[in-house]
Each structure stands twice: as structure tokens, then as C-alpha cells.
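Inspection log for the structure reproduced underneath, given as C-alpha cells.
The values are calculated or read from the model by the stated rules, or taken from the named source; none is laboratory data. Values in this document were obtained by computation on a predicted structure and should not be read as measured data. Here the Cβ positions follow ideal geometry from the backbone for every residue, glycine too, while neighbour counts run over all protein chains shown.
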Amino acid sequence: MRALVAITIVTLLLATGAMVATPRAATRSSAANQSAGVHAVVPGGRVGEYQHGTFPSQGARTHAGVDIVAPCGTPVRALEAGRIVDRIRSRSDPDFASLGYMVIIEHPASVTGRAFYSLYLHLQSPPVAGEHVARGAPLGRIGATGRATGCHLHLEVRYFRPRVSRLWQHIYGPGDQRASPHFRESWEDPVAFLAELERERQAADHRDPRRRRPGSADPS
């Protein structure tokens with residue numbers, strides 16, 4: 001009986017032209033948003049081996065950001081509008097040997113309801129000058145400066161400003177930090193975070209086509 005009712009409901013939905021979401025369609029949409037989010041920061045980039053929560057990495061440590069791989073020289077763009085609050089622009093900086101050329105941006109609470117920071121490591125050359133940046137503004141280019149094994153961007157979305165966690169005193173967490181309150185409360189998964197931002201932008205563009213960026217496709 002339940003099966004018959006379910007079939008009848010689906011038939012009615014199809015007959016009236018209503019959309020029926022399928023798990024496969026939802027997965028495709030999620031994957032598309034993830035790619036669009038990553039490409040908004042690094043055009044043509046792909047998620048590398050080290051992702052948010054990868055353990056072990058660099059020995060028995062936890063990776064808090066995500067590595068986006070692309071050829072050296074590929075542009076790196078701000079994931080959202082904000083204010084540059086820290087940068088490494090000289091090889092004489094005491095953190096250059098590990099972080100390379102670097103930028104940290106503070107993003108206002110108006111974006112997601114809570115202020116947050118994005119961090120960009122291993123840039124090819126000193127990052128852009130200036131203080132305020134728009135979403136998509138150029139910050140620098142993919143490089144391999146600092147402690148990097150190849151051309152990539154180490155990207156973090158976090159809720160603290162210092163270059164490294166005061167608790168960890170390192171860009172990586174000691175041991176397996178994946179279940180720790182500090183890891184869960186201090187960082188977001190950048191790939192999921194970017195995908196959600198992209199989904200919200202598409203929804204806003206769909207509600208108000210005047211918001212749509214030049215050259216962007218209609219999300220419907």
C-alpha cells in the first residue's frame with residue numbers, strides 16, 4: 001500500500017511538471033558548487049592530497065586547511081571581500097621559511113553571520129599591496145615558497161587571526177586533532193565552505209537577476 005501511494009505521488013508530481021530531486025542530481029549539484037568555489041579562488045585549480053583534516057600529514061600531524069594544486073603562476077583570488085590584516089612580503093620574515101609569501105584576510109560578519117579569516121600560503125612572490133579587497137580580487141600567484149613540495153596554495157578558513165594556532169604553535173596540529181574541540185571550532189572545511197558560498201550566490205542571483213555577474217550562467 002505504501003509503495004502504491006509513493007508511486008502515485010511521484011506520478012502526480014511528474015504529471016504536473018514538478019521537479020523531483022534525486023540523490024544523483026544533488027550530488028552533481030554539490031560537486032559543481034565545490035568546483036566553482038575552488039575555481040573562484042584558483043582558476044583551474046584542483047584539490048590536492050592534503051585536505052581539511054588529513055591525518056597523518058607531515059608526520060603524525062593533522063592538516064587544517066586544503067591544498068589547491070595548480071601550475072606556478074596561476075592567479076590566486078580572494079574568496080570574499082575583506083581587509084588584509086597580515087602578510088609576509090619579505091624573505092627576511094621569521095615565518096617565511098615555513099609559510100612562504102602569505103596573506104590573511106579578515107571577512108566581516110555580514111558575509112556568513114560570523115566574522116572569519118582566510119589564509120593563503122606559499123605564494124610565488126610578495127602579495128598584493130593595499131588593505132581592502134573585493135571578492136575575486138587578485139592576491140598573488142600560485143608558488144612553492146616556504147615549506148612546500150610543489151606548486152600549490154594552502155588555503156584555510158578559520159576563526160582566529162594569528163598566523164598559526166596559539167595552542168598548536170604550528171600550521172599543523174600535533175597528532176590526530178580531527179575530533180578535538182579546538183579543530184572543530186576554529187576551522188571550517190574550505191571546500192565545503194566555498195561550495196556553500198557559491199550555492200548562496202547562485203540562489204541570490206536566481207532571486208534577483210540584476211545581481212548576476214557579467215558572463216555568469218543562469219543557475220536555473
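So which residues in region 148-159 are in contact with a helix residue (DSSP H, G or I) (Cβ under 9 Å, 6 or more places away or on another chain) and either buried (at least 17 other Cβ atoms within 10 Å of the Cβ) or modelled with pLDDT under 95 (or both), if there are any at all?
Listed by number, the residues that qualify are Leu153, His154, Leu155, Glu156, Val157, Arg158.
Test Pro162 against the criterion of being at pLDDT 95 or above, under 21 Å from the mean Cα position of the chain (by Cα) and part of a loop (DSSP other than H, G, I, E, B), and give yes or no.
yes
Among what's in region 133-143 and is part of a loop (DSSP other than H, G, I, E, B) and among the hydrophobic types (A, V, I, L, M, F, W, C), pick the residue that is surrounded by the most Cβ atoms within 10 Å (Cβ to Cβ).
By that ranking, first place goes to Ala137.
Report yes if Gln202 is within 24 Å of His107 (Cα to Cα), modelled with pLDDT of 90 or more and of a type in the set (S, T, N, Q), otherwise no.
No.
I'd like to verify a number: residues in region 72-97 that are surrounded by fewer than 18 Cβ atoms within 10 Å (Cβ to Cβ) and over 16 Å from the mean Cα position of the chain (by Cα), how many?
14
Which count do you get for residues in region 56-71 that are buried (at least 16 other Cβ atoms within 10 Å of the Cβ) and either hydrophobic (A, V, I, L, M, F, W, C) or without any contact (Cβ under 8 Å) to a residue 60 or more places away in the chain (or both)?
The qualifying residues number 5.
Across region 161-191, what is the number of residues that are crowded, with 16+ Cβ neighbours inside 10 Å and not polar (S, T, N, Q)?
Here the count works out to 12.
Pairs only if they're at least six apart or on different chains, beta carbon under 6 angstrom, first in region 101-123 and within 11 Å of Glu156 (Cα to Cα), second assigned to a loop (DSSP other than H, G, I, E, B) and hydroxyl-bearing (Ser, Thr, Tyr); list them, first residue then second.
Hits for this filter: Phe116/Tyr159.
Go through region 23-58 residue by residue and tally those that are out of contact with any His (no Cβ under 9 Å at 6 or more places or on another chain), among the small types (Gly, Ala, Ser) and modelled with pLDDT of 85 or more.
Residues meeting the conditions: 5.
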